[in-house]
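Written out below as structure tokens is the structure these notes cover.
The values are calculated or read from the model by the stated rules, or taken from the named source; none is laboratory data. Quick caveat, the model's predicted, so the values are computed rather than measured. Cβ coordinates were reconstructed from backbone atoms using ideal geometry, including for glycine residues, and neighbour counts include every protein chain displayed. Surface areas here come from the heavy atoms of the whole protein model, side chains and all, with no ligands, DNA or RNA. Shrake-Rupley method; radii C 1.70, N 1.55, O 1.52, S 1.80 Å.
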Amino acid sequence: MYNFIKSILFLWSPEKAHHLTMRLLSLVYKLPGGQWILKKLFCYSNEKTKVNIAGITLKNGVGLAAGFDKDAKYIDELACLGFGFIEIGTLTPKAQPGNEKPRLFRLQKDEALINRMGFNNGGVDAAVERLKKVKSDIIIGGNIGKNKLTPNEEAFKDYAYCFEKLYNHVHYFVVNVSSPNTPGLRELQEKPALKKILTGLKTMRTGYIKDGQVSKPVFLKIAPDLTHSQLDDIIDLALEINLDGLVATNTTIDRTELLTSESELTQIGNGGLSGKPLKKSSDEVLKYLANGLQNRVPIMGVGGIHSGQDALNKIKLGASAIQIYTGFIYEGPSIIKRLVKAIS
Ligand SMILES: Cc1cc2nc3c(=O)[nH]c(=O)nc-3n(C[C@H](O)[C@H](O)[C@H](O)COP(=O)(O)O)c2cc1C
């Protein structure tokens, strides 16, 4: 059934197809009995599927990765598809248009995507207004970043602004320093810059705890293209500052071992690659981090999950929960239930 729907959706450009699908989902959600039907078809959560990570209890360990619902527009609808948690963002302090279109491409032979969206989002304040209206009790993560025009030396202020605005409206945070589509952003993965951002947020959080609020975990999302020495720095820092968790990984800039032709890749140009070809490097990073951290810092595994076996493999390599994006596009919403069953 989804293959038929996909063949029609894939007639549109990826970005148009995304907006069309979300509007259709929203329409079904609003129909009388729509929510019931969606839940009946797609949800699978019970006592056995529950997962604890960084002090949060998830209905199940399969989440929607950042970038899909950047502006928190469809949380209630997406929650009806059976996700255990949804990560919104990346949100920045000010709204920004992102890069010029086209900026999202399908690599159908590879079951992959290349995107250079560039943190297009309506700004954190607008997202907060939408979050106030969410009805679902699903766990929500706030993935935060810096505006394109903010210099790296000032980046910590952007993260702090988003953190403060979102604090009462999300259950956990993800500091995104790993998108390849914001110039210079990945330089923030170097230890001193990271330390400044993460310790700054932790200090802010201490202030909230005094006000009687619950402590919200802060995760760090990293790229799959880091060297072992850079990963060692991340491990050291995570242990040194008692980081709550890591998200491994974002998209890759690597283009090796693809079935898509060189000329097509040249035509597409820059961007982050996600989906099946990302799995190998993403799994390697996950394994390396898990070995170094020895269960002292939990990890969410993301990158190239298209089957129950892929999901289970992430758990075996050391992930406590997983997230999907590209696999959701290629396999459709029924993948969520399959993944939940595979890992629980
Ligand atoms: C179109 C698109 C937009 C994305 N936007 C973001 C983003 O804003 N922030 C972020 O942290 N990750 C973003 N990602 C990365 C995903 O969250 C995920 O880490 C990556 O796609 C690997 O997972 P996958 O192979 O299941 O797609 C984006 C991915 C895609 C395909």
Farthest positive-ward along the chain dipole, Cα basis, beta-carbon charges - from L286, N99, S45
S45
In what order, largest first, do S344, S281 sit by accessible area if the probe radius is 1.4 Å?
S344, S281
Could you pull out every residue, at least 5 positions away or on a different chain, whose amide H is within less than 5 Å of the one on K70? Hs are placed 1.01 Å off N in the peptide plane, and Pro or chain starts have none.
G89
Got a number for carbon plus sulfur as a percent of region 23-106's accessible area, 1.4 Å probe?
58 percent
Looking only at K191, K73, K101, which one moves most when the chain is put into a Gaussian network model with springs between Cα atoms under 10 Å?
K101
Which whole-number percent is the relative contact order of region 44-160 (Cα, under 8 Å, 6+ apart)?
27 percent
Could you check which residue among H171, H306, H19 shows the biggest mean-square fluctuation in a GNM of the chain with a 10 Å Cα cutoff?
H19
Measure up K6/K40; K94/K216; K30/K276; K221/K316; K50/K191 against 27 Å on the Cα-Cα distance and list the ones that go over.
K30/K276; K50/K191
If contacts are Cα pairs under 8 angstrom and at least 6 residues apart, what is the relative contact order of the chain in percent?
18 percent
Would you give the gap between the C-alpha center of region 287-344 and the C-alpha center of region 1-73, rounded to a whole Å?
17 Å
Treating cross-link reach as a plain straight distance, find the aspartates and glutamates whose alpha-carbon is under 14 Å from the alpha-carbon of K70, omitting any fewer than eight places away in the same chain.
E15, E87, D125, E129
Note to self: with every protein chain in place and a 1.4 Å probe, region 119-274 gives an accessible area per residue in Å² of 44 Å²
From the square roots a ≥ b ≥ c of the eigenvalues of the alpha-carbon gyration tensor of region 75-115, which class results: rounded (a/c under 1.5), prolate (a/b over b/c), or oblate?
oblate
Taking amide H atoms as placed 1.01 Å from N in the peptide plane, list the residues 5 or more away in sequence, or in a different chain, whose amide H sits under 5 Å from that of V247.
L220, K221, I222, M300
Once ligands and nucleic acids are excluded and a 1.4 Å probe is used, how much of D254 is accessible, expressed in Å² to the nearest 10?
70 Å²
What residue among P183, G84, F10 has its Cα farthest toward the positive end of the dipole of the chain, where the charges are +1 on Lys, Arg and -1 on Asp, Glu, each on the Cβ?
G84
Estimated dipole of region 1-50 in Debye, rounded to 20 [Cβ of Lys and Arg +1, of Asp and Glu -1, Cα centre]:
120 debye
Computing the accessible area with a 1.4 Å probe over protein heavy atoms, can you report the carbon and sulfur percentage for region 129-207?
53 percent
Tell me the Kirkwood hydrodynamic radius of region 1-148 in angstroms, computed as one over the mean inverse distance between distinct C-alpha pairs.
16.7 Å
Looking only at S178, S320, S215, which one moves most when the chain is put into a Gaussian network model with springs between Cα atoms under 10 Å?
S215
Can you bin region 71-153 into rounded, prolate or oblate? Criterion: square roots of the alpha carbon gyration tensor eigenvalues sorted a ≥ b ≥ c, rounded for a/c under 1.5, prolate for a/b above b/c, oblate for the rest.
oblate
Is the C-alpha gyration tensor of region 248-344 telling us rounded, prolate or oblate? Criteria: a/c under 1.5 is rounded; beyond that, a/b larger than b/c is prolate, otherwise oblate.
oblate
How would K221, K157 line up by accessible area, probe 1.4 Å, largest first?
K157, K221
Round to a whole number: what % of the accessible area of region 259-344 belongs to carbon and sulfur, probe 1.4 Å?
49 percent
Size of the dipole of the chain about the Cα centre, Lys and Arg at +1 and Asp and Glu at -1 on the beta carbon, nothing else charged, in debye to 20?
1040 debye
